[in-house]
Amino acid sequence: MVDFIIKYWIEILLTSVTSGVIYIFKQYIGLKNGLKALLKNEIVRIYDRQEELGYCPSYMKENIKEMYENYHKLGGNGLVTNKK
């Protein structure tokens, strides 16, 4: 009887832990994809604005460079690299 109870408690516990890990992983992927989309949008927006003005200050170039590096660390697809 005790073996029966322990067996099912272990199954319930492992199922709960697995479900929790899957939930956290899905949240992580969603946040990662959202951040990647925001970075891409901001890089393209800044590029379009600076191209319209005809110049880009050095502080803005540093900011764009940092966003670009982080975008690619998150698995960016290269759209920003080919922006012309």
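Each value in this text was obtained by applying a stated rule to the coordinates, not by laboratory testing. Predicted model only: the values in this text are computed from it and were never measured. Here the Cβ is made from the backbone with ideal geometry for all residues, glycine too, and neighbour counts use every protein chain on show.
In summary, the aspartates and glutamates within cross-link reach of residue 73, defined as a Cα separation below 19 angstrom excluding same-chain residues under 8 places away, comprise 42, 62. Volume of the convex hull of the chain (Cα atoms only), normalised per residue: 84 Å³. The label-point distance for residue 10 and residue 23, in a model that sets each label 7 Å from Cα toward Cβ, rounds to 2.5 nm. Annotation: the residues 1, 67, 60, sorted from fewest to most other C-beta atoms within 10 Å of their own C-beta, follow the order 1, 60, 67.
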